[in-house]
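Inspection log for the structure reproduced underneath, given as structure tokens.
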Amino acid sequence: MAYDDIQDFIKTLEKHNLLMRITAKVDSTYEITEITDRVVKSQGPALLFENIKDSAYPVLINAFGSYERINLAFEVKNLDCIADDISKFLDIAGYSGILNKVKSIPRLARLAKIFPVKVNKAPCQEIIEEPDLNTLPILKCWPNDGGKYITLPIVITKDPETGIQNMGMYRMQVFNSTTTGMHWHLHKDGKRIYEKYKKMGDRMPVSVALGCDPATIYSAIAPLPEEIDEVLFAGFLRKSPLQIVKSITNDIYVPSNAEFILEGYIDVNELREEGPFGDHTGYYSLKDYYPVFHLTCITRRKKPVYPATVTGKPPMEDCFFGKATERIFLPFIKFQCPEIVDINFPVEGVFHNCVIVSIEKRFPGHAQKVMNALWGMGQMMYTKMIVVVDGNIDPHDMSTVAWKVFNNISPERDLIISKGPLDALDHASPFAHYGYRLGVDATKKWPSEGHLRDWPTEVKMNDEIKNIVTERWNEYGF
């Protein structure tokens, strides 16, 4: 059963002893960050700070910062359950023949329940206030940050040509009580929609939801194609339609179960310097000029909770969202590259610097084919390093992957340099948004790939002895 809202999720965390309430007074400038950083890196619980200096609202943070909590957030035993569910919808062969069509009816009926439902009254509009960001416990996270940042905002915009709404998550630096930055990168949907308003010369309406049910929060982060509405995806993950309500001061519909809604607009003729910001790469992203969000109204619940997250040196809470994306979107990747067995985005690679892929190798140069295919897929184009291993290698076993990379490559043959787009947060490239990417073919090489020497056999014990030792293990005294 879908969570009603983030406070419903808080109750579940508490029921499973996965949440700690902190009643001591804390400062939203640096102190919450330092506490959270220590807790995340020690694999500690979600935190609910109930006594914030200069704000009446409690702060929820690290709510998704473990595999157990991220599984609870999606109401699954593990994230692969979601991938399996998606795979069933992508299995086109399953719809051939009358019998299979009948079998697919329950699956198709599920789709009818993902469309949002419009309502006239909503918890997020119980209180309507004058615009003043100073009332919120917005975090200043790191010493060199350019200011306080709203770190978990669901930014909702509407395409002026199609009328289709988009949800994205873009950090918002607070400039004063009624304005913030809007940090959307070059390749993001929010930026694409903004460019349309800029071309028209119109103000761009924007509503920002703070604190929704976990599936809706994740949907704003998910790397969906332009054609897929994040609200529909939230309904799919929730297995229940999301209720939405029209904003008070613009025509954008927002999740009715949000804690706060910030309504306003972007003046397309205005840019302001934003940054630095302690980012998920573990480095400060640099100053740059971004659009300015003007706040015109705040609506909220009577007793809301302010949601936040802290980014910094991995592992942090956002790593678990990244791992969710790795598992949930694997079926989409395999749909386009069926030779892929599994995939791993190591947290140290901050999800756009490295991916490890295992494949069922079928022909010469197959690893290079997979690399180029991945670089041609949506946000995979940012991936600075792709390591390809054989299908019998677990890409999550970093020791074995390293062994294969260190031993299986001949640099001239197996290192592939590709030019292309890079993530805006990549600081190593001499050019912003563009540079060189590396492919590493660590698969076993074939004679047809020019390897004319015998490939050595791996050292392994035979199964008979392994079974004998397993059966006698306790007898040995271990």
Can you work out ³J(HN,Hα) from phi for every residue in region 175-186, in order, using Karplus 6.51 cos²θ - 1.76 cosθ + 1.60 and θ = phi - 60°, giving whole Hz and x for Gly and Pro?
-> 8, 7, 5, 10, 9, 9, x, 10, 8, 9, 7, 3
Charge dipole (debye, nearest 20) of region 337-449; +1 at Cβ of Lys and Arg, -1 at Cβ of Asp and Glu = 320 debye
DSSP loop GluC sites (Glu not before Pro) in region 313-414 with at most 14 other Cβ atoms within 10 Å of their Cβ, which ones?
-> Glu360
Which value in deg cm²/dmol, rounded to the nearest 500, describes the helix-derived mean residue ellipticity at 222 nm for the chain, given -39,500 (n - 2.57) per DSSP H run of n ≥ 4 and division by the residue count?
-> -8000 deg cm²/dmol
Rounding to the nearest 20 debye, state how big the charge dipole of the chain is about its Cα centre with +1 on each Lys and Arg Cβ and -1 on each Asp and Glu Cβ.
-> 680 debye
Given H placed 1.01 Å from N in the peptide plane, which residues other than close sequence neighbours of Asp213 have an amide H under 5 Å from its amide H?
-> Ile6
Please compute the net charge surrounding Arg300, taking Lys and Arg as +1 and Asp and Glu as -1 over other residues with Cβ under 15 Å from its Cβ.
-> -3
Taking amide H positions as placed in the peptide plane 1.01 Å from N, state which residues far from Thr309 in sequence (5 or more) or on other chains have amide H under 5 Å from it.
-> Thr151, Leu152
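Count the net charge of all other residues whose Cβ sits under 11 Å from the Cβ of Pro421, scoring Lys and Arg as +1 and Asp and Glu as -1.
For residues surrounding Pro421, the net value is +1.
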Residues whose modelled amide H sits under 5 Å from the amide H of Thr179, counting only those 5 or more places away in sequence or on another chain, are Leu295
The chain: relative contact order as a whole-number percent, Cα under 8 Å and 6+ apart = 15 percent
Near Tyr436, within a Cβ-to-Cβ distance under 12 Å, what is the net charge of the other residues, with Lys and Arg +1 and Asp and Glu -1?
-> +2
Under a plain spin-label model, where a point goes 7 Å from the Cα along Cα-to-Cβ, how far apart in nm are Leu271 and His187?
-> 2.1 nm
Taking Lys25 as the anchor, which aspartates and glutamates have their alpha carbon closer than 20 Å to its alpha carbon, excluding any fewer than eight residues away along the same chain?
-> Glu34, Asp37, Glu50, Asp54
Past the 27 Å Cα-Cα mark, which pairs from Lys188/Lys419; Lys41/Lys158; Lys41/Lys444; Lys88/Lys188; Lys196/Lys303; Lys196/Lys369?
-> Lys41/Lys158; Lys41/Lys444; Lys88/Lys188; Lys196/Lys303; Lys196/Lys369
For Rg/Rh (Cα atoms, Kirkwood Rh), several values are listed as [x] 1.13; [y] 1.00; [z] 0.96; flag the one computed from this structure.
-> [y]
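FYI, it's all coordinate maths here, none of it is from the lab. Everything numeric in this text was worked out from a predicted model, so none of it was measured. Note: ideal-geometry Cβ built from the backbone for every residue, glycine included; neighbour counts use all protein chains shown.
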